[in-house]
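*Asks:* To start, I am sharing the structure in question, which I have written as structure tokens.
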Amino acid sequence: MGEPGTPELLSLEELEASGGLRTGRKHILSILVENKPGVLTRIAGLFARRGFNIDTLTVGPTDDERYSRITLTLDGALHPIDQVTKQLHKLVNVLKIRDLEPAETVARELALFKLAVDGASRAEVLQICEIFRGKVVDVSRRSITVEITGTTDKIEAFDRMLRPFGLVEMMRTGEIAISRGRAET
Amino acid sequence: MRAVDAIVECLKAEGVEVVFGLPGGANIPTYDALYDADIRHVLVRHEAGGGHAAEGYAKATGKVGVCLATSGPGATNIVTPIQDAMMDSVPVVFITGQVRTDLLGTDGFQEADVMGITMPAVKHSVMLRHPLEIPRALHEAFYIARTGRPGPVVVDIPMDLTRADIPYEPVEDIHLPGYQPTTEGNAKQIRQAAKALAAAVRPVLYTGGGVISAGASDELRELVEAGGFPLTCTLNGLGSFPAPHPLWLGMLGMHGTRTANYAMDEADLIVAIGARFDDRVTGKLSEFAPRAKFVHIDVDPAEIGKNVPAHIPIVGDARNVLPRLTEEYRALGAEQARLESWWQRIHAWQERHPLRYDDTTDDEIRPQFMIESLYRATDGDAIVSVDVGQHQMWAAQYYHFRRPRKWLSSSGLGTMGFGLPAAMGAKAGMPGEQVVCITGDGSIQMNIQELATCAQEGIDVKVFIMNNGYLGMVRQWQELFWDRRYSAVDLGRWPDFVKVAEGMGATGVRLSSKVTLEADMREALETPGVVVVDVPVTAEENVYPMIVPGGAAREMEG
Ligand SMILES: Cc1ncc(C[n+]2csc(CCOP(=O)(O)OP(=O)(O)O)c2C)c(N)n1
Ligand SMILES: [Mg+2]
């Protein structure tokens, strides 16, 4: 600064760029969309085309049949989240996008674990299930299937505990999330 | 009324005067309604021609272009124009016929998944499921195409819907909850941008097609002249600012002027207005404008910060934002003198590096000379459509556009075959204007069939073929970067364009005399009807200067 005659109003050096920043953490985007054919294809296509990588994605109805809710999680270390949300906003059928603040959000995921257990390990497995508040939903002579809900962290912890007993298969829904308090998500 | 008559009513209510298309089984009903409607239908010879014609119409008139195609192959033939309109933000509504709803998904005759195929290429698209949806969907399509950042909208209408009987009332209350473009521009940010301009000692304004879409050329000029700022345009932005002009640096980017690219390189502040930092503009991104802070004004928030960080983002329509920016800037009373040394530097570049070419004393016509001659022959005032290749770049360099909507170029997608149909569409929309197409011997052959359309419809475009015998731009790259291995770029001697022109109902002439070129061009321009002018030019001339692919903008060659 200090050029002759230049009003000292603003220093260019001090201007900081906004946007395009990578946060490095996981983001949960809650997207309210019109319940119309092809909306999911548009969103999936947009992600594929722009090279955005979706970690999980869930779609379901809302209390209003005109709308559906898409919850998706992605890695803020890989993507500038503001660019992702801006691109999503360009879709005419997308009504609202919230990048949920982790501290102000309740997120849950449902998982089903099928474990190969025999008589000897069964008791121990059931004990772990109880600690995690898992629910046994199917039992056979050589297997047991457990349903568990919780945060992604909890499900991953459960996975780590049980895997050594012999995991046959496992399925997860991906997270859904809702904001805490009275305000709408 | 018949649903198809409702379609026509929608078009009329939207002010549509001319549509471009070609019928088939799935849209015969719509064509029946057009038969005695008060709308001109231009029967193109290939749907791609129809799509580009609708783009040319939209670019030249500022109105929404309309293209009709039948299902299946008709619809797949317009995929290129749809993507082209997307890349250059051109408002076009594409109405496609579709198989009956009971046949959808069964691989019915002439069925194509038009929604699926075009989805990545549209601003928006809908397939209708019920005849009652037709009016609202069409009005929404026009609304979405022309507002915010303009773009293509596809409306796919299954055949059975068009045979229904429905009531029609014009739809005026369009409210789309998921589509509300921000056009105003944040007042605080605008003030901040004015302050940044006042603080800058090496500012450059960098403007693109958005200024033209917004109809903000006068507002732009006010700002530029208020501050005495240097200004450069993108390829798509030519005409947004009157060239030549003392504050105009020429086009920037791969084949822009050295001055424009050097100024961007040394700038301390770049104000981007309706421009999107395309890779052909920035060159190597990591070395682009390393000293600059960026003000980015765009109606599309997703463009801001996409390729280049924005220090002062302003989401809004240039026509709203620029007058307020000018006012704020004026109020700061910044001293003009602070830009003096910057201008000295710019003038020195301009003197040292004007656009130039070797015009030896031989009697071969240099391609640049051809453009200069046409510039003079048209008094610099024609609507000029171009195709893609060397001729396009030379036209951008040597034809100066004083006003917006005079330059029709497939800039983002770079679609060979765009030029002739675009000229046709422009002339249909602006019959009182001189419309010329500058094309290449390669490009013209990609939609040459539209000469017959022009002849039949009395759309008197004048087509100037820069005939270098090559797919010239590709040849240039092969010469420069592939060791002169000219693979698949020699177009040979055919066709004889004069004969083709005659067969198409046009007048064909070949102009080979350098001395009389300009006068001969004038004569061709004055010849009634469609005229095709074949101009043999130097075969192996290169477009310079050039930012080599992957290179930094300051390292221009040639
Ligand atoms: C549809 C399409 N196919 C291929 C290309 C690649 N391409 C870019 S320029 C060019 C050469 C065009 O030749 P011509 O029309 O004779 O123009 P010139 O460069 O010779 O002036 C080609 C093939 C393109 N841009 N568009
Ligand atoms: Mg050529």
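The values are calculated or read from the model by the stated rules, or taken from the named source; none is laboratory data. None of the values given here were measured: they were computed from a predicted structure. Positions of Cβ are backbone-derived with ideal geometry, glycine not excepted, and every protein chain shown enters the neighbour counts. Areas reflect the complete protein model, heavy atoms only, side chains present, ligands, DNA and RNA absent. Shrake-Rupley method; radii C 1.70, N 1.55, O 1.52, S 1.80 Å.
*Asks:* Which value, in debye to the nearest 20, describes the size of the charge dipole of chain A about its Cα centre when Lys and Arg Cβ atoms bear +1, Asp and Glu Cβ atoms bear -1, and nothing else is charged?
*Replies:* Working: 26 positive and 27 negative charges, 193 e Å.
Charge dipole of chain A: 920 debye, to the nearest 20.
*Asks:* What is the gain in length, in nm to one decimal, between B:Glu287 and B:Ala187 on full extension, counting 0.36 nm per residue of separation less the C-alpha to C-alpha distance?
*Replies:* Numbers: separation 100, 0.36 × 100 = 36.00 nm, distance 3.18 nm.
Stretched fully, the B:Glu287-B:Ala187 segment lengthens by 32.8 nm.
*Asks:* Antiparallel versus total DSSP beta bridges in the stretch B:367-536: what percent is that, nearest 5?
*Replies:* Roughly 5 percent of the DSSP beta bridges within the stretch B:367-536 come out antiparallel.
*Asks:* Let me ask something else. Once you average over the residues of B:125-136, how many Cβ atoms of partner chains fall within 10 Å of each Cβ? Before the final figure, lay out each step's value.
*Replies:* Working: counts 3, 5, 2, 0, 2, 0, 0, 0, 0, 0, 0, 0.
That works out to 1 on average.
*Asks:* Mind ordering B:445-455, A:79-89, A:175-185 by average Cβ neighbours within 10 Å, highest first? Can you show the working numbers first?
*Replies:* Details: B:445-455: 23.5, A:79-89: 19.6, A:175-185: 13.5.
The densest-packed peptide leads the list: B:445-455, A:79-89, A:175-185.
*Asks:* Further, regarding this structure: Under 16 Å Cα to Cα from B:Lys123, which lysines show up? Leave out anything in the same chain fewer than 8 places away.
*Replies:* Partners within reach: A:Lys86, A:Lys90.
*Asks:* Another question, then. With no solvent and one equal point scatterer per Cα, compute the Debye intensity ratio I(q)/I(0) for the stretch A:106-178 at 0.12, 0.16 Å⁻¹ and report its log10, rounded to two decimals.
*Replies:* Results for the stretch A:106-178 at q = 0.12, 0.16 Å⁻¹ read -0.29, -0.50.
*Asks:* Taking 41 Å as R0, compute the FRET efficiency from the Cβ-Cβ separation of A:Ser179 and B:Val201 and round it to 0.05.
*Replies:* Working: r = 47 Å, r/R0 = 1.16.
So the FRET efficiency works out to roughly 0.30.
*Asks:* Now a separate question. Please report, to two decimal places, log10 I(q)/I(0) for the stretch B:437-511 at q = 0.23 Å⁻¹ as given by the Debye formula with identical point scatterers on the Cα atoms and no solvent.
*Replies:* With no solvent term, the Cα-only Debye profile gives -1.01.
*Asks:* Rounded to the nearest 5, what is the percent of antiparallel bridges among the DSSP beta bridges in the protein assembly as shown?
*Replies:* Numbers: 49 of 112 bridges.
Taking every DSSP beta bridge with both residues in the protein assembly as shown, the antiparallel ones total about 45 percent.
*Asks:* Dividing the Cα radius of gyration by the Kirkwood radius, what Rg/Rh value follows for the protein assembly as shown?
*Replies:* On the way: Rg = 29.4 Å, Rh = 28.5 Å.
Taking Rh as the inverse mean 1/r over Cα pairs, Rg/Rh reads 1.03.
*Asks:* Shifting gears a bit: What is the pair-distance distribution P(r) of the stretch B:3-162, computed from all Cα-Cα distances in 5 Å bins starting at 0, with each bin given as a whole percent?
*Replies:* Reading upward from the zero bin: 2, 11, 22, 26, 23, 13, 4, 1, 0.
*Asks:* Computed on protein heavy atoms with a 1.4 Å probe, what is the summed buried accessible area for the chain pair A and B, in Å² to the nearest 100?
*Replies:* Numbers: alone 11830 and 21840 Å², together 31070 Å².
Heavy-atom accessible area buried at this interface is about 2600 Å².
*Asks:* Using the structure shown, select from B:Lys406/B:Lys462; A:Lys96/B:Lys12; A:Lys36/A:Lys154; B:Lys306/B:Lys427; B:Lys59/B:Lys462; A:Lys36/A:Lys135 the pairs with a Cα to Cα distance greater than 25 angstrom.
*Replies:* On the way: B:Lys406/B:Lys462 15 Å; A:Lys96/B:Lys12 34 Å; A:Lys36/A:Lys154 34 Å; B:Lys306/B:Lys427 36 Å; B:Lys59/B:Lys462 18 Å; A:Lys36/A:Lys135 36 Å.
Table pairs above 25 Å Cα-Cα are A:Lys96/B:Lys12; A:Lys36/A:Lys154; B:Lys306/B:Lys427; A:Lys36/A:Lys135.
*Asks:* Now for a separate question. Taking the highest mean first, how do the peptides B:531-541, B:202-212 order by number of other beta carbon atoms within 10 angstrom per residue?
*Replies:* On the way: B:531-541: 21.4, B:202-212: 27.0.
Top to bottom by mean Cβ count within 10 Å: B:202-212, B:531-541.
*Asks:* Right, something else. Rounded, prolate or oblate: which one fits the stretch B:187-352, using the alpha carbon gyration tensor with axes a ≥ b ≥ c (rounded when a/c is under 1.5, else prolate when a/b beats b/c, else oblate)?
*Replies:* Values: a/c = 1.31, a/b = 1.08, b/c = 1.22.
Rounded, because the longest to shortest axis ratio a/c is under 1.5.
*Asks:* Something else: Can you tell me the orientation of helix A:152-162 relative to chain A, as the angle in degrees between its alpha-carbon axis and the longest Cα principal axis, to the nearest 10?
*Replies:* That works out to roughly 30 degrees.
*Asks:* Right, here's the next one. For chain A, modelled as a GNM with alpha-carbon contacts under 10 angstrom, which of A:Gly119, A:Gly76, A:Gly134 fluctuates the most?
*Replies:* A:Gly119
*Asks:* Would you mind checking the radius of gyration and Dmax of the stretch B:93-197 based on alpha-carbon positions, in Å?
*Replies:* 18.5, 63
*Asks:* Compute the accessible area per residue over the stretch B:1-151, keeping the other protein chains in place, probe 1.4 Å, unit Å².
*Replies:* Values: 5120 Å² over 151 residues.
Solvent-accessible surface per residue comes out at 34 Å².
*Asks:* Can you give the mean number of other chain Cβ atoms that lie within 10 Å of the Cβ atoms in peptide B:308-316? Before the final figure, lay out each step's value.
*Replies:* Working: counts 2, 6, 5, 7, 4, 3, 0, 1, 0.
Other-chain Cβ atoms within 10 Å of each residue's Cβ, averaged: 3.
*Asks:* Any idea what the dipole of the stretch B:187-352 comes to, in debye rounded to 20, about its Cα centre with Lys/Arg Cβ at +1 and Asp/Glu Cβ at -1? Present the calculation step by step, with values, prior to reporting the outcome.
*Replies:* Numbers: 18 positive and 19 negative charges, 60 e Å.
Roughly 280 debye for the stretch B:187-352.
*Asks:* So with the 1.4 Å probe, I'd like the accessible area per residue for the stretch A:33-86, rounded to whole Å². Don't jump to the answer; show the numbers that get you there.
*Replies:* Working: 2660 Å² over 54 residues.
Normalised by residue count, the accessible surface of the stretch A:33-86 is 49 Å².
*Asks:* Antiparallel DSSP bridges in chain B: what percent, to the nearest 5? Provide the component values of the computation, followed by the final result.
*Replies:* Numbers: 6 of 69 bridges.
Given both bridge residues lie in chain B, the antiparallel proportion sits at roughly 10 percent.
*Asks:* Using a 10 angstrom cutoff on alpha carbons, build the Gaussian network for chain A and name the most mobile of A:Ala123, A:Ala17, A:Ala103.
*Replies:* Residue with maximal mean-square fluctuation among A:Ala123, A:Ala17, A:Ala103: A:Ala17.
*Asks:* Over all alpha-carbon pairs in the stretch A:24-103, figure out the percentage whose distance exceeds 15 Å.
*Replies:* For the stretch A:24-103, the fraction of Cα-Cα distances above 15 Å is 53 percent.
*Asks:* Here is a follow-up. At 25 °C and 0.890 mPa s, what whole-number value in µm²/s does Stokes-Einstein give for the translational diffusion of chain B, with Rh from the Kirkwood sum over Cα pairs?
*Replies:* Working: Rh = 24.4 Å.
Here the translational diffusion coefficient equals 101 µm²/s.
*Asks:* When all alpha-carbon pairs of chain A are counted, what percent fall beyond 29 Å? Kindly include the intermediate steps, with their values, before the conclusion.
*Replies:* Values: 7213 of 17020 pairs.
When all Cα pairs of chain A are counted, 42 percent exceed 29 Å.
*Asks:* Using the charge dipole of the protein assembly as shown (Lys, Arg: +1 at Cβ; Asp, Glu: -1 at Cβ; taken about the Cα centre), state which of B:Gly105, B:Ala348, B:Phe401 has its Cα farthest towards the positive end.
*Replies:* After comparing all options, I get B:Gly105.
*Asks:* Restrict the search to the stretch A:117-148; then list the trypsin sites (Lys or Arg not before Pro) that DSSP places in a loop and that have at most 13 other Cβ atoms within 10 Å of their Cβ.
*Replies:* Details: sites: A:Arg122, A:Arg133, A:Lys135, A:Arg141, A:Arg142; in loops: A:Arg133, A:Arg141, A:Arg142.
When the trypsin sites (Lys or Arg not before Pro) of the stretch A:117-148 are filtered for loop state and at most 13 Cβ neighbours within 10 Å, A:Arg133, A:Arg141, A:Arg142 remain.
*Asks:* Taking the Cα centre of chain B as origin, sum charge times position over the Cβ atoms of Lys and Arg (+1) and Asp and Glu (-1), and report the length of that vector in debye to the nearest 20. Don't skip to the end; give the middle numbers.
*Replies:* Numbers: 49 positive and 71 negative charges, 295 e Å.
Result for chain B is approximately 1420 debye, rounded to the nearest 20.
*Asks:* Given a 1.4 angstrom probe, I'd like the percentage of the accessible area of the stretch B:187-352 that is carbon and sulfur, rounded to a whole number. Don't skip to the end; give the middle numbers.
*Replies:* Working: 2520 of 5530 Å².
The value for the stretch B:187-352 is 46 percent carbon and sulfur by accessible area.
*Asks:* Taking the solvent-accessible surface of protein heavy atoms with a 1.4 Å probe, what is the per residue accessible area of the stretch B:259-328 in Å²? All intermediate terms of the calculation are to be shown ahead of the outcome.
*Replies:* Numbers: 2090 Å² over 70 residues.
I get 30 Å² per residue for this part.
*Asks:* Averaged over B:197-206, how many beta carbons belonging to a partner chain fall within 10 Å of each residue's beta carbon? The partial results should precede the final answer.
*Replies:* Numbers: counts 1, 5, 11, 4, 4, 1, 1, 0, 0, 0.
Mean number of neighbouring Cβ atoms from other chains: 3.
*Asks:* So what's the back-of-envelope 222 nm ellipticity for chain B, counting only DSSP H runs of four-plus at -39500 (n - 2.57) apiece and dividing by all residues, rounded to 500?
*Replies:* So the helix-based figure for chain B works out to -10500 deg cm²/dmol.
*Asks:* Which ³J(HN,Hα) values in Hz, rounded to whole numbers, follow from the phi angles of the stretch B:110-120 under the Karplus curve 6.51 cos²θ - 1.76 cosθ + 1.60, where θ = phi - 60° and Gly and Pro get x?
*Replies:* After applying 6.51 cos²θ - 1.76 cosθ + 1.60, I find 6, 8, 9, 6, 5, 4, x, 5, 9, 3, x Hz.
*Asks:* At a 1.4 Å probe, which residues in the stretch B:328-355 are at least 20 Å² less accessible with all protein chains present than in their chain isolated?
*Replies:* B:Leu332, B:Glu335, B:Arg338
*Asks:* How do the peptides B:236-244, A:21-29 rank, highest first, by the average count of neighbouring beta carbon atoms within 10 Å per residue? Walk me through the intermediate numbers first.
*Replies:* On the way: B:236-244: 22.9, A:21-29: 15.0.
For the peptides B:236-244, A:21-29, the packing ranking is B:236-244, A:21-29.
*Asks:* Using the Karplus equation 6.51 cos²θ - 1.76 cosθ + 1.60 (θ = phi - 60°), what ³J(HN,Hα) coupling, rounded to whole Hz, does each residue of the stretch A:39-49 give in order, writing x for Gly and Pro?
*Replies:* Working through the residues one at a time gives 5, 5, 4, 4, 5, 4, x, 4, 5, 5, 5 Hz.
*Asks:* Compute the separation of the alpha-carbon centres of the stretch B:496-558 and the stretch B:320-372 and state it in Å as a whole number.
*Replies:* 26 Å
*Asks:* Right, here's the next one. Show me, for the stretch A:167-179, the HN-Hα J-couplings you get by feeding each phi into the Karplus relation (A = 6.51, B = -1.76, C = 1.60, θ = phi - 60°), rounded to Hz, glycine and proline as x.
*Replies:* Couplings: 8, 7, 7, 8, 9, 10, 8, x, 7, 10, 8, 9, 6 Hz.
*Asks:* If you don't mind, another one. Just to be sure I understand the interface: list residues from the stretch B:94-121 that lose 40 Å² or more of accessible area between the chain on its own and the complete protein assembly, 1.4 Å probe.
*Replies:* Relative to the lone chain, where solvent access is computed with a 1.4 Å probe, the stretch B:94-121 loses at least 40 Å² at B:Met119, B:Pro120.
*Asks:* Now for a different question. Using alpha-carbon pairs under 8 Å, 6+ residues apart, how would you state the relative contact order of the stretch A:106-178 in percent? It would help to have the intermediate numbers written out before the result.
*Replies:* Details: 122 pairs, mean separation 38.7, N = 73.
The normalised contact order for the stretch A:106-178 reaches 53 percent.
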